[in-house]
Amino acid sequence: MYLSRQLRLLPRANIACSLSSSGAHYTTAAPAEDAPIEIPNRIERSPTDLLQALASTVARDYTAPHYKYHDDPFLIPMSNAAKRTYAMSKESGRKAAKWIKEEHRELFMHQEAQPAIEKFAPSMVYTEDSVVDETSLAQLISQGELKDAVLVYNLLEQKGNPISPELKQSLLELVCFHNNQEPIPEEYIEERWFLQNNKRRERSGKTWKDGDLAEKLYSEIEPKTPQSYASLIRGMAKYLQCERAYALLQEAGEKQVQLDTNTFNSVIEIVSFLKDTAEQRWQLCKDLLNEMSQQKLRPNLGTLNAVLQCISTFGNFKVARAAALQALPEFKQLGVNPSLGSYYYLLIIFCRERGPVSHVIVDILNDISGKEFQIQHPKDTYFFATAMDVCRNHLHDKSLAKKVDELLHTGKNYDLVGDSFKESIYYRNYLALLCQTESTEDFMLSYDLLVPNIYIPEPGIMEEILRAIEINGAVEYVPRLWSDMVVFDHTHRESLLLYVLRILVDNKPNPDSPAQAQLPEQGAKVALDMFERVEEAIKRLRKVSFTGQMLGDILTLLVRGGSYEKATEVFAHIDKNQHRIPGTPSLNALIEFVDASVQEKSPSQALFALQYAVENNFDSRELAKRIHEGFTLNETHLSKLKSLVGESFLDK
Amino acid sequence: MNFLKKLLPQVATEVQQLSRSGFHTSSVCCRVQSGRYRITTKRNRPLTYEMANPPHFIGHRKSWNSWNTSTMKDALRPSQTAIEDVFIRKFVTGTWHALVCSEVIIKRQHNTIRIAALIRQAITPRKMYFLIGYTEELLSYWMQCPVTLELQTVGDKKDVVFKYI
């Protein structure tokens, strides 16, 4: 009985959790003895239930890279670009293998697996001469092979074979769904994951192919069925042939054709393309909903999301909010439960950049925290990125962000994070918010958790982090962040380099604090590393180059870190290339260098610095004074000093 | 059987009785060559750890190169498995040309095949990922089951050299 109870828990609950929570059943020997044993009914399980139960006991390992990457130091990606390239290269290898399989099909005809697995065998090739009939067309349609299905259909047409209206209808549906364009095959998940936001660009314009196969098929189906209307309207709406989709809907209405809910949903989604002002859009939306109720169609989640999408396009904040508040209770009455996509629309309706501050996300989170979601609507994947954006830019609230993050890590909700683009937006906002609101120690905990395996900060976020660290006066983290920046390949951003140096120079390490005791040496190491990297980059003609200020800061850091030798080398570089380097080091950098020369008893270096200062029109009196007081100069040095700053200086 | 004699006297007597019955008279021919490497005159042939240990150390100092259950009692497809393993080895060493610097270890569990090897870091990680994807996919088309590569990389070919003979 114990076992069966556990098994019932299997698919949902975490095994470890259920074992510990019901551990009392087998450790203590005191169950009620006279309670009758009740054998529960058998529960049907799918073949993968056990695997899923086992998988649910394992959470994401933050210390390891994603499992799609090979677990070897050489093969672990260390920057965003590498993550993308490696995953895509692997997939490209898989594509190459598939090409080989199709190209040398005669080698792959054997059948090892029982029952045979279709995906391992080369796919059927249809040519102009293939012998085809209706069944092959039906099979291709059920497999979703668009190109082959269209080819076979054309062959059947040429040979004059009759095609049943049902088959034509299902082909019409297939063609309308894909707009007669081959989609990305489902097995290439990385390509989908890394697909840059092409959708948004598509969104703006019509992509529907006018007068193409879909419309030809539609015209061939006589008499027109509600399904044929529905598929053509939905296809046109999906690919933004808005005017004709709406016209077709009206035509169907005039002919008293009974359409279905999803067709109306697709037209409500494109209301914003049909009308221009908010009032007109809302009117049309309401008209469509009324038409649905006249046809006794029950609205579903798609209707709710379509209405909210329509509302979210209203420019006027007040109208939008009023409309949303009007629509929501009605759908609630109808028993339509909102999905994450609906909440996404609510967020973009209520939390606008220019609108007043709205705390709608608090209510939403109270409503859904701790719940596990499954994908129900295409827009469901937009929720988390938008919610985090609202937390950062609209409300600036750390605790809310933590709540959103908790929700994301509840159950399988992480599946709804979308694609790599949305995931990086999510973490970008999350880290930026944390670094602004948390103390540096707390922030570094989250940073260590997320970076680099889950998320690698972009240069902009790195700058935010550096700024937060400077504000909190935690300069001791800068050398660490510098080494991260080297790994993440941020070293060709001039602004970042300058900022790192600026922080290290401006915040003199506090020798009393133990955390900063090592900082001067570390700072010198950072400076030297940067110097060498930029030199290397210049040789390779990369974008970055030295500026006078950068070199001055490097000089200062080296002097402070006690690497005088290296400092002289850097100064020699400054001196030699002064016509190539834009700008000059600050006077303070030169003063510190001269002071160090005094300590190191090297008057010639100090005089070089003075010479440089004079040549570049600095106010050199301060430098000359320091040199004069610091050294007991011999004749040659003294005469050089005189020639640089003039006799009058010494007489004072 | 000398070690048996030392261990157990009573066994030794039985062995003597057996040998007295004399059902084996020809001299023993133990010369085996496979898996053993000849010493070169210049002593410059590099051996990996596995090559340095002759086959009788399998299970003691080194392990098997193919892990499967096809040779157990009533097990399925022993010959096919052996041939497939040869094919996999040839395919992997050929696809990863001049990069594989160890034995190719093939482990079969349920319906999956896991292939392990040491690879030289002579090409960029990007190219390696391409080859990983290609090898996994093509072998799984051939074997008609999921194939996983479990590679480790080494910086230099000399890193795997155990000794020179």
Residues located in segment A:331-346, provided they are in a loop (DSSP other than H, G, I, E, B) and hydroxyl-bearing (Ser, Thr, Tyr): A:339
All but one of (1) away from chain B (no Cβ under 14 Å); (2) under 22 Å from residue A:185 (Cβ atoms); (3) at pLDDT below 85 hold for residue A:131, so report the exception by its number. (2)
When you look at residue A:119, is it open to solvent by 80 Å² or more (accessible area, probe 1.4 Å), within 11 Å of chain B (Cβ to nearest Cβ), farther than 24 Å from residue A:484 by Cβ and touching an Asp or Glu at 6+ places or on another chain (Cβ under 9 Å), yes or no? yes
Residue in segment B:134-164 that is farthest from the other protein chains (Cβ to nearest Cβ), counting only those that are hydrophobic (A, V, I, L, M, F, W, C) and outside any strand (DSSP E or B): B:160
Step by step: first the residues of segment A:91-111, then only those that are among the basic types (Lys, Arg) and open to solvent by 40 Å² or more (accessible area, probe 1.4 Å), then the one that is farthest from the other protein chains (Cβ to nearest Cβ). Which residue is that? A:105
In contact with a strand residue (DSSP E or B) (Cβ under 7 Å, 6 or more places away or on another chain), open to solvent by less than 60 Å² (accessible area, probe 1.4 Å) and more than 29 Å from residue B:42 (Cβ to Cβ): does that describe residue B:113? yes
Residue A:551 vs. criteria crowded, with 19+ Cβ neighbours inside 10 Å and at pLDDT 85 or above: yes
Residues in segment A:199-222: is at least one in contact with an Asp or Glu (Cβ under 8 Å, 6 or more places away or on another chain) and closer than 28 Å to residue A:93 by Cα? no
Show the residue pairs that are 6+ apart or on different chains and have beta-carbon atoms under 9 Å apart, the first residue being within segment A:248-259 and open to solvent by 90 Å² or more (accessible area, probe 1.4 Å), the second being in a helix (DSSP H, G or I). A:255/A:229; A:258/A:226; A:258/A:252
Residue A:339 meets each of (1) surrounded by fewer than 16 Cβ atoms within 10 Å (Cβ to Cβ); (2) touching an Asp or Glu at 6+ places or on another chain (Cβ under 7 Å) with one exception, condition (1)
When residues of segment A:507-518 are limited to those that are crowded, with 16+ Cβ neighbours inside 10 Å and in a loop (DSSP other than H, G, I, E, B), the one farthest from the chain's Cα centre (by Cα): A:509
Evaluate segment A:70-77: report whether one residue or more is open to solvent by 60 Å² or more (accessible area, probe 1.4 Å), in contact with a Pro (Cβ under 9 Å, 6 or more places away or on another chain), free of Cβ contacts under 8 Å to residues at least 60 places away in the same chain and under 21 Å from residue B:154 (Cα atoms). yes
Selection from segment A:590-626 of residues of a type in the set (Phe, Trp, Tyr) and either open to solvent by less than 40 Å² (accessible area, probe 1.4 Å) or in a helix (DSSP H, G or I) (or both) yields A:593, A:608, A:612
Unique match (being surrounded by 14 or more Cβ atoms within 10 Å (Cβ to Cβ) and either charged (D, E, K, R) or modelled with pLDDT of 85 or more (or both)) among A:521, A:532: A:521
Output the qualifying pairs, or none if there are none: Cβ atoms under 9 angstrom, residues six or more apart or on different chains, first residue in segment B:116-133 and within 7 Å of chain A (Cβ to nearest Cβ) and under 14 Å from residue B:156 (Cα atoms), second residue open to solvent by less than 40 Å² (accessible area, probe 1.4 Å) and in a strand (DSSP E or B). B:121/B:153; B:121/B:154
Suppose we filter A:450, A:504, A:497 for residues that are open to solvent by less than 50 Å² (accessible area, probe 1.4 Å) and in contact with a Gly (Cβ under 6 Å, 6 or more places away or on another chain); which single one remains? A:504
Residue set A:562, A:523; condition outside any helix (DSSP H, G or I) and closer than 24 Å to residue A:598 by Cα; output residue A:562
In segment A:143-166, how many residues are of a type in the set (S, T, N, Q) and either under 12 Å from residue A:126 (Cβ atoms) or open to solvent by 60 Å² or more (accessible area, probe 1.4 Å) (or both)? 3
Selection within segment A:567-583 - open to solvent by 70 Å² or more (accessible area, probe 1.4 Å) and more than 21 Å from residue A:496 (Cα to Cα): A:569, A:576, A:579, A:580
Residues located in segment A:471-483, provided they are in contact (Cβ under 8 Å) with a residue 24 or more places away in the chain and crowded, with 18+ Cβ neighbours inside 10 Å: A:474, A:475, A:476, A:477, A:478, A:479, A:482
Could you list, in sequence order, all residues of segment B:91-107 that are touching a residue at least 40 places away in the same chain (Cβ under 8 Å), away from chain A (no Cβ under 13 Å) and open to solvent by less than 50 Å² (accessible area, probe 1.4 Å)? B:92, B:101, B:102, B:105, B:106
Does residue A:631 satisfy the criteria of being modelled with pLDDT of 80 or more and either open to solvent by less than 60 Å² (accessible area, probe 1.4 Å) or on the phi > 0 side of the Ramachandran plot (or both)? no
Selected residue [open to solvent by 80 Å² or more (accessible area, probe 1.4 Å) and part of a helix (DSSP H, G or I)] from A:181, A:114, A:169, A:139: A:139
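Condition check ((1) under 37 Å from the mean Cα position of the chain (by Cα); (2) modelled with pLDDT under 90) across all residues:
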{"position": "A:22", "(1), (2)": "no, yes"}
{"position": "A:44", "(1), (2)": "no, no"}
{"position": "A:75", "(1), (2)": "yes, no"}
{"position": "A:94", "(1), (2)": "yes, no"}
Taking segment A:187-205 and keeping only residues that are modelled with pLDDT of 80 or more, open to solvent by 40 Å² or more (accessible area, probe 1.4 Å) and not aromatic (Phe, Trp, Tyr), one is left with A:187, A:189, A:191, A:192
Mind checking whether some residue in segment A:171-188 is touching a Ser or Thr at 6+ places or on another chain (Cβ under 8 Å) and of a type in the set (S, T, N, Q)? yes
Within segment B:81-90, is there a residue that is crowded, with 16+ Cβ neighbours inside 10 Å, at pLDDT below 95 and hydroxyl-bearing (Ser, Thr, Tyr)? yes
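The values are calculated or read from the model by the stated rules, or taken from the named source; none is laboratory data. Remember, predicted model here, so these are calculated numbers, not experimental data. In this analysis, Cβ positions are derived from the backbone assuming ideal geometry, glycine residues included, and neighbour counts consider all displayed protein chains. Side chains included, ligands, DNA and RNA excluded: accessible areas come from the protein's heavy atoms. Shrake-Rupley method; radii C 1.70, N 1.55, O 1.52, S 1.80 Å.
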